[in-house]
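Colleague: Please see the structure below; I have some questions.
The values are calculated or read from the model by the stated rules, or taken from the named source; none is laboratory data. Because the structure is a prediction, the values reported are computed rather than measured. Note: ideal-geometry Cβ built from the backbone for every residue, glycine included; neighbour counts use all protein chains shown. What goes into the accessible areas is simple: the full protein's heavy atoms, side chains included, and nothing from ligands, DNA or RNA. Shrake-Rupley method; radii C 1.70, N 1.55, O 1.52, S 1.80 Å.
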Amino acid sequence: MSATGRGERAGAARGERAGVARADREQRVLSIIETARAKRAKFRDERVTMAHGAGGKATQGLIEGLLLPALDPDGAGTLAQLADAGTVDGDLLLTTDAFVVTPLRFPGGSIGELAVNGTVNDLAVAGARPLGLSLSLILEEGLPADVLRAEVEAIATAAAAAEVAVVTGDTKVVERGHADGMYVTTAGVGRRDPRARVAPDALRPGDRVLVSGPVGEHGTAIMLARGEFDLDADVTSDTHSLWPAADALLGAAGSALRCMRDATRGGVASVLNELARASGVGVSVREADVPVRPVVSGAAEILGIDPLSIANEGVLLAFVAPGQADAALAALRAVPGHEQAAEIGEVRAEPPGMVLVDTAFGGRRVMDQLVGDPLPRIC
Amino acid sequence: MRFVDEFRDAELGRVVAGELLATVDPARHYKLMEVCGGHTHAIYKYGIDDLLPDNVELVHGPGCPVCVIPMGRVDDGIAIAHEPGVIFTCFGDMLRVPGSHGTLLDAKAQGADVRMVYSPLDALRIAREQPDRQVVFFAIGFETTAPSTALTLMRAKAEGIDNFSVVCNHVTIVPPLRALLESPDLRLDGFIGPGHVSTVVGARPFQFIPERYGKPVVISGFEPLDVLQSALMLLRQLRDGRCEVENQYARVVPYDGNAAALRVMGEVFVLRPHFEWRGLGFISQSGLRLSDAYADFDAELRFATPGVRVADPKACQCGEVLKGVIKPWECKVFGTACTPERPIGTCMVSSEGACAAYYNFGRFARRREREAV
């Protein structure tokens, strides 16, 4: 060792003490941040931006900061629970969803198919068998009749596959340039399954987190179909009804099934964060156990996007009490199309409201919601 | 994924972590700066900190393209975006960088035609398709992205596309490093060198760091094993008393760089006498503008811009973060007034920014370290 060795050692000891004080200060800063984050999000923007529609934190701000205070001010109603479907009366559930996707048709699906499955799935993950749908079409002047005809057929086919009828509807036409081809809004009514006890605030430490299949397929298919990347890959949307999966989970786990969510906008990351906040628990995810098809992880890699933040249209997350988790996973895997379902993590007491990932490389990190749409990196 | 998974192997990671532990002097504290924002992002995303010995500290450097853009330049961009008939294009991260009166995303919501592109060539394609509109590309980045802007301009010139222009904010990596090394409040033991920039400029431009300033440099790839191995190579140099530029990223980085890329940059760009960096102030010979041969494509000449220097917000300490003087959480507004949802400083915007990476990925890793103490 050099002649300065002793001085260096004394310096290191001082450094260690300073390090502990510094870590304490860092911890205090982090606590302040978590307190701030636990508060209801505010809506302070002067105008609506695209980020408000992306399902991340900006959307959360819009909902919690503007819609809830006006529509469910004391939080006593159903809306404040922010469930996928709200209770109308007893076991009757109602949900609604608007669809504005570009392009209208993409590998594996189309706007019409999404409009049926999206609403059916919001009911399914609330534990409700779909009973009937309403359908509103907003059509742009000049839309080719063949395009409309194809979407109406897609709606009919998807509704038949989901065993639900369209029972009422509405049609509006707007001037050219005032809509992007067509927009579709559906509402759905369903009856809560007697086995279902699901709620967003029902997660308990020890619960296991199940995912119903490979993630990131739909969002990747859409991004590639827009043709902005000059990437060709065999990725198709995963849009399909999740009722069979929900039915199987309810059958296998019953009241041990704490909650289900379909991981649409914002992907798995948004769902886990919302539920961790709603239940006041932490969620721990094992990155290596999350099913992602190589073609999706490859595309996501090139774009610098996390597959866990990409939208799905046929993937649900289920939270199951530990004793019934294996049975629930086996039942899920037995449903056609869900053979790759997996257990990807568990609910912890700490840290409340946060999602942590054990990375495949052996490190650990926070998994937060995105603010807006996932953005490809620069270099 | 072939050629990627190999560099994310957890088993190998543990082996390198073991070697790191065997290499460090437990009585010493090490501060290594990763220059590039891509490294910062990888370090937090993979939790690489968790695999480093406790006495090895990573300090985040200035190599994040979005982070170094000063507010005045954003204001100039927004002013051009509001010009009638203009289609303003930029990379996605740039949309959310605050100027003195909001962001480009806000300008878009107010009616400006602002579009995100993934490459300057996309902007040129828009210009080709809409000849009656003025299409402007807001170019940012180090030598990594500058060649693609240069190639785009060469193509625009060859095709005679006259409704296309570029706001050039390209910068070079060596001047800020020199400025950092001259700064008295900096105590670093070595540099994890910028991999992507080096694919263009090579390893040679970094020789001055060991030669003049006595600090070792290891040019590093971006996968977690790359970063860990580079840290190991730096610590071995320190242990052995060596001080040189080593190239961990030899699978991509040639010592002399990419001659073709350097040639097109030389044709299209010239050095500005000085350029303002966010938080770092004016650094001489650090920014690029379009050469006289390409002056017709220079948006700063085509449009009237305020061109006003705007001081960084008082509360914002991006400059200290970019210099590695403070950690993101030590900034007064970190995580409270300044968040990814409402960034005050640029470091909170880009996923490569130290503050955003720490906020999004690292808020907990540190806490666990403390619990272990």
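Colleague: Restricting attention to the range A:38-71, which residues are part of a helix (DSSP H, G or I) and charged (D, E, K, R)?
Modeller: Result: A:57, A:64.
Colleague: Residues to consider are A:158, A:124; find the one that is outside any strand (DSSP E or B), touching a Phe, Trp or Tyr at 6+ places or on another chain (Cβ under 6 Å) and touching a residue at least 60 places away in the same chain (Cβ under 8 Å).
Modeller: That would be A:124, the only listed residue that is outside any strand (DSSP E or B), touching a Phe, Trp or Tyr at 6+ places or on another chain (Cβ under 6 Å) and touching a residue at least 60 places away in the same chain (Cβ under 8 Å).
Colleague: A follow-up question, please. Residue pairs, Cβ under 7 Å, 6 or more apart or interchain, first in the range B:11-27 and facing another protein chain (nearest Cβ under 9 Å), second open to solvent by 40 Å² or more (accessible area, probe 1.4 Å) and not β-branched (Val, Ile, Thr). List them.
Modeller: B:13/A:362; B:14/A:362; B:27/A:8; B:27/A:9
Colleague: On to the next question. Which of (1) touching a Ser or Thr at 6+ places or on another chain (Cβ under 7 Å); (2) over 21 Å from residue A:191 (Cα atoms); (3) touching a residue at least 24 places away in the same chain (Cβ under 8 Å) does residue A:33 not meet, given it meets every other one?
Modeller: Evaluating residue A:33 over (1) touching a Ser or Thr at 6+ places or on another chain (Cβ under 7 Å); (2) over 21 Å from residue A:191 (Cα atoms); (3) touching a residue at least 24 places away in the same chain (Cβ under 8 Å) leaves (3) as the failure.
Colleague: What is the residue count in the range B:182-206 for residues that are of a type in the set (A, V, I, L, M) and open to solvent by 30 Å² or more (accessible area, probe 1.4 Å)?
Modeller: The number of residues fulfilling the criteria is 1.
Colleague: Considering only the range B:69-87, state which residues are open to solvent by less than 10 Å² (accessible area, probe 1.4 Å) and either away from chain A (no Cβ under 12 Å) or of a type in the set (Gly, Ala, Ser) (or both).
Modeller: B:70, B:72, B:74, B:77, B:80, B:81, B:86, B:87
Colleague: Within the range A:1-52, take every residue that is modelled with pLDDT of 80 or more and hydroxyl-bearing (Ser, Thr, Tyr) and give me the one that is surrounded by the most Cβ atoms within 10 Å (Cβ to Cβ).
Modeller: My answer is A:49.
Colleague: Still on this structure, I have one more. Within the range A:297-326, how many residues are open to solvent by 20 Å² or more (accessible area, probe 1.4 Å), more than 20 Å from the chain's Cα centre (by Cα) and under 27 Å from residue A:243 (Cα atoms)?
Modeller: Qualifying residue count, the range A:297-326: 4.
Colleague: Now, a different point. Just checking: which of the helices (runs of 4 or more DSSP H) contained wholly in the range A:266-379 hold 3 or more residues that are over 30 Å from residue B:64 (Cα atoms) and in contact with a Lys or Arg (Cβ under 9 Å, 6 or more places away or on another chain)?
Modeller: Result: A:267-279, A:322-333.
Colleague: Report yes if residue A:301 is without any contact (Cβ under 8 Å) to a residue 24 or more places away in the chain, within 14 Å of chain B (Cβ to nearest Cβ), of a type outside the set (Gly, Ala, Ser) and within 25 Å of residue B:47 (Cα to Cα), otherwise no.
Modeller: Here the answer is yes, as residue A:301 does meet what is asked.
Colleague: Restricting to the range B:227-277, name every residue that is assigned to a loop (DSSP other than H, G, I, E, B) and of a type in the set (Lys, Arg).
Modeller: B:242, B:251, B:272
Colleague: So which residues in the range B:275-287 are open to solvent by 30 Å² or more (accessible area, probe 1.4 Å) and more than 17 Å from residue B:71 (Cβ to Cβ)?
Modeller: Hits for the range B:275-287 are B:284, B:285.
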